[in-house]
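*Asks:* So that we are looking at the same thing, I have put the structure below in structure tokens.
The values are calculated or read from the model by the stated rules, or taken from the named source; none is laboratory data. If you're wondering where the values come from, they're calculated on a predicted model, not measured in any experiment. Glycine also receives a Cβ, built like all others from the backbone with ideal geometry; neighbour counts cover every protein chain displayed. Note: areas computed on protein heavy atoms with side chains; ligands, DNA, RNA excluded. Shrake-Rupley method; radii C 1.70, N 1.55, O 1.52, S 1.80 Å.
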Amino acid sequence: MQTEKQNTSLIMQLIPVMLAFFAMSFVDSVGTATNYVKESFHLSNTLANLCPSMVFFWFLVCSVPTGMLMNKIGRRKTVLISLALTLAALVTPLLYYHFATMMLAFAFLGIGNAVMQVSLNPLVSNMVSGEKLASFMTFGQFVKAIGSFIAPILAAWFAATYHNWTLMYAVFAAEAVVALVWLGRTPIREEEVSGKMTGFKEAFSLLGDGMILLCFIGIMCHVGLDVGTNTAAPQILMERLGWPLSKAIYATSIYFMFRTIGCFLGAFLLAKIAAKKIFFVSVLCMLAAMCGLLFLHSQWFLYASIALIGLGNSNIFPIIFSQALLYKPEKKNEVSGLMIMGLIGGTVFPLLMGFAADACGSQLGSVAIMTAAVAYLLALCQKIRPVA
């Protein structure tokens, strides 16, 4: 009887946490939003790609301070702050749709998501441990993937039905309110934090180590490919096939669908096959995809290329992250914070892709930048070691 009560209590705690994981996915809608903003305000590729850059810049700024904030106020309250910031981001374009307000919304979304990325997984560790911890964290990532998958579908439906794609944010805002209120009313016991708090100096000093620097850049490339595909894939279909945005935008859903499939496969394969082999095959998938995006013009070949990026990019982050922790286990907190800072790649790569696309007058410039990121990951494969 006592065990049943404990399980029921755990489930009631985990439901609002999983709702927060769903809210974490809203950051992935930036690729879809960028294409609509570009079309609405007739932006160049460079200016349009400031949108994802405005989001992911904040991972560099907010990662370490969030860790310090958690030490002071606790993980649950930190997640609540992140949900409030996310809600502000979702409401802003609904109040007034303008390029300036969209940039403000993207800034709120980036800050909120950076805070959430750092604090939400540690909050789960307060409720479950051991083998269950990995299971629940994996489930949280799949909940997140659901939101990533439906965002472009919602945007396209609202654009076609009501001629207002931003109504997607009303649906997301309603979910964020439920998560905020439910988690706010759910008590979660947290352990006391002890030890020295990590600062900027401690985190950045690790970049002087060659392996940590390689992993940091690898994370940047992974996120750059993720955000870059979301942004560029619809533009490539519009350019090659002459499609309107309302039709081309579904390319983003294809990417997220196959990234989700890749996560499912990776959860099983990484337990049986060496991480280095999976990493190598994953990079080969993305390399084949880059060849397709560079040279092919068929609808289905382009779809297949986008799918291969999603499949290949799905397990890059956990492999690189675990490699960094394995290399410096005595600096786990510092390494973790630094790897999260690597999400700044979501700022750097879209900007480079925008510059390259404008310079050559084609999305081939964007694909060239993405290909360089894949080439780096291919070289990094030599550094992947067995995980104990």
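*Asks:* Condition first: open to solvent by 10 Å² or more (accessible area, probe 1.4 Å) and among the small types (Gly, Ala, Ser). Can you find one or more residues in the range 213-228 that meet it?
*Replies:* No, every residue in the range 213-228 fails to be open to solvent by 10 Å² or more (accessible area, probe 1.4 Å) and among the small types (Gly, Ala, Ser).
*Asks:* To continue, here is another question. Could you check, for the range 52-64, whether at least one of its residues is small (Gly, Ala, Ser), more than 22 Å from GLU175 (Cα to Cα) and in contact with a helix residue (DSSP H, G or I) (Cβ under 8 Å, 6 or more places away or on another chain)? Spell out how you get there, then give the answer.
*Replies:* Of all residues in the range 52-64, those small (Gly, Ala, Ser) come to 53, 63.
Then keep just the ones that are more than 22 Å from GLU175 (Cα to Cα); that gives 53, 63.
Right, trim to in contact with a helix residue (DSSP H, G or I) (Cβ under 8 Å, 6 or more places away or on another chain) and you get 53, 63.
Looking for residues that are small (Gly, Ala, Ser), more than 22 Å from GLU175 (Cα to Cα) and in contact with a helix residue (DSSP H, G or I) (Cβ under 8 Å, 6 or more places away or on another chain), one finds at least one in the range 52-64, hence yes.
*Asks:* May I ask you to verify whether ILE254 is open to solvent by 60 Å² or more (accessible area, probe 1.4 Å) and β-branched (Val, Ile, Thr)?
*Replies:* On the way: open to solvent by 60 Å² or more (accessible area, probe 1.4 Å): no; β-branched (Val, Ile, Thr): yes.
When the stated conditions are applied, ILE254 does not pass them.
*Asks:* A further question follows. Being open to solvent by 60 Å² or more (accessible area, probe 1.4 Å), under 25 Å from VAL348 (Cβ atoms) and modelled with pLDDT of 90 or more, is that true of even one residue in the range 265-280?
*Replies:* The answer is yes, given that some residue of the range 265-280 is open to solvent by 60 Å² or more (accessible area, probe 1.4 Å), under 25 Å from VAL348 (Cβ atoms) and modelled with pLDDT of 90 or more.
*Asks:* Enumerate the pairs (first residue in the range 46-67 and within 22 Å of ILE369 (Cα to Cα); second residue anywhere and of a type outside the set (Val, Ile, Thr) and open to solvent by 20 Å² or more (accessible area, probe 1.4 Å)) with beta-carbon separation below 6 Å, excluding pairs fewer than 6 apart on the same chain, so at least 6 apart or on different chains.
*Replies:* THR46/PHE355; THR46/ASP358; ALA48/LYS38; ASN49/LEU351; SER53/LEU351; MET54/MET103
*Asks:* Looking only at the range 376-388, which residues are without any contact (Cβ under 8 Å) to a residue 24 or more places away in the chain and under 24 Å from the mean Cα position of the chain (by Cα)? Steps first, answer last, please.
*Replies:* First pass over the range 376-388, keeping only residues without any contact (Cβ under 8 Å) to a residue 24 or more places away in the chain: 379, 382.
Of everything in the range 376-388, just one residue is without any contact (Cβ under 8 Å) to a residue 24 or more places away in the chain and under 24 Å from the mean Cα position of the chain (by Cα), namely ALA379.
*Asks:* Same structure, new question: Could you tell me whether ILE261 is more than 24 Å from ILE146 (Cβ to Cβ) and open to solvent by 60 Å² or more (accessible area, probe 1.4 Å)? Outline the logic, then answer.
*Replies:* Values: more than 24 Å from ILE146 (Cβ to Cβ): no; open to solvent by 60 Å² or more (accessible area, probe 1.4 Å): yes.
The answer is no for ILE261.
Residue-wise test of (1) closer than 25 Å to ASP226 by Cα; (2) open to solvent by 10 Å² or more (accessible area, probe 1.4 Å); (3) at pLDDT below 90.
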residue	(1), (2), (3)
GLN6	no, yes, yes
MET18	yes, yes, no
ASN49	yes, yes, yes
ALA89	yes, no, no
PRO93	yes, no, no
ALA105	yes, no, no
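*Asks:* Pick out the one residue from ALA357, ALA372 that is in contact (Cβ under 8 Å) with a residue 12 or more places away in the chain, of a type in the set (A, V, I, L, M, F, W, C) and in a helix (DSSP H, G or I).
*Replies:* Details: ALA372 fails: in contact (Cβ under 8 Å) with a residue 12 or more places away in the chain.
Residue meeting the stated conditions: ALA357.
*Asks:* On to the next question. Between a first residue in the range 270-285 that is over 16 Å from ARG259 (Cα atoms) and a second residue that is among the hydrophobic types (A, V, I, L, M, F, W, C) and open to solvent by 30 Å² or more (accessible area, probe 1.4 Å), which pairs have beta carbons less than 6 Å apart while being 6 or more apart in sequence or on different chains?
*Replies:* From residues that are over 16 Å from ARG259 (Cα atoms), the pairs are ALA275/VAL387.
*Asks:* Looking at ALA372, ALA368 in this structure, which one is out of contact with any helix residue (DSSP H, G or I) (no Cβ under 7 Å at 6 or more places or on another chain), surrounded by fewer than 20 Cβ atoms within 10 Å (Cβ to Cβ) and not polar (S, T, N, Q)? Walk me through how you get there before you give the answer.
*Replies:* Values: ALA368 fails: out of contact with any helix residue (DSSP H, G or I) (no Cβ under 7 Å at 6 or more places or on another chain).
None of the others qualify; the one that does is ALA372.
*Asks:* Next up: Among the listed residues GLY262, GLY292, GLY210, GLY242, which satisfies the condition of being in contact (Cβ under 8 Å) with a residue 40 or more places away in the chain and either in contact with a His (Cβ under 8 Å, 6 or more places away or on another chain) or over 18 Å from PHE349 (Cα atoms) (or both)? Let's see the steps before the verdict.
*Replies:* Details: GLY292 fails: in contact (Cβ under 8 Å) with a residue 40 or more places away in the chain; GLY210 fails: in contact (Cβ under 8 Å) with a residue 40 or more places away in the chain; GLY242 fails: in contact (Cβ under 8 Å) with a residue 40 or more places away in the chain.
Matching residue, one of GLY262, GLY292, GLY210, GLY242: GLY262.
*Asks:* Another one. In the range 168-188, how many are part of a helix (DSSP H, G or I) and either in contact (Cβ under 8 Å) with a residue 24 or more places away in the chain or touching a strand residue (DSSP E or B) at 6+ places or on another chain (Cβ under 7 Å) (or both)? If you could, list the steps in order and put the result at the bottom.
*Replies:* From the range 168-188, those part of a helix (DSSP H, G or I) are 168-184; that's our starting set.
With the extra rule that they be either in contact (Cβ under 8 Å) with a residue 24 or more places away in the chain or touching a strand residue (DSSP E or B) at 6+ places or on another chain (Cβ under 7 Å) (or both), the set shrinks to 168-170, 172-173, 175-180, 182-184.
Counting residues in the range 168-188 that are part of a helix (DSSP H, G or I) and either in contact (Cβ under 8 Å) with a residue 24 or more places away in the chain or touching a strand residue (DSSP E or B) at 6+ places or on another chain (Cβ under 7 Å) (or both) gives 14.
*Asks:* Let me ask another. Residue under question is PRO350, and the condition is that it be modelled with pLDDT under 95 and surrounded by fewer than 22 Cβ atoms within 10 Å (Cβ to Cβ); does it hold?
*Replies:* So PRO350 does not fit the description; no.
*Asks:* Another question, then. Would you confirm whether any residue within the range 107-118 is at pLDDT below 85 and open to solvent by less than 30 Å² (accessible area, probe 1.4 Å)?
*Replies:* Within the range 107-118, one or more residues are at pLDDT below 85 and open to solvent by less than 30 Å² (accessible area, probe 1.4 Å).
*Asks:* Tell me, yes or no, whether the range 304-313 has at least one residue that is within 23 Å of the chain's Cα centre (by Cα), open to solvent by less than 20 Å² (accessible area, probe 1.4 Å), farther than 22 Å from PHE149 by Cβ and at pLDDT 95 or above.
*Replies:* No, the conditions are met nowhere in the range 304-313.
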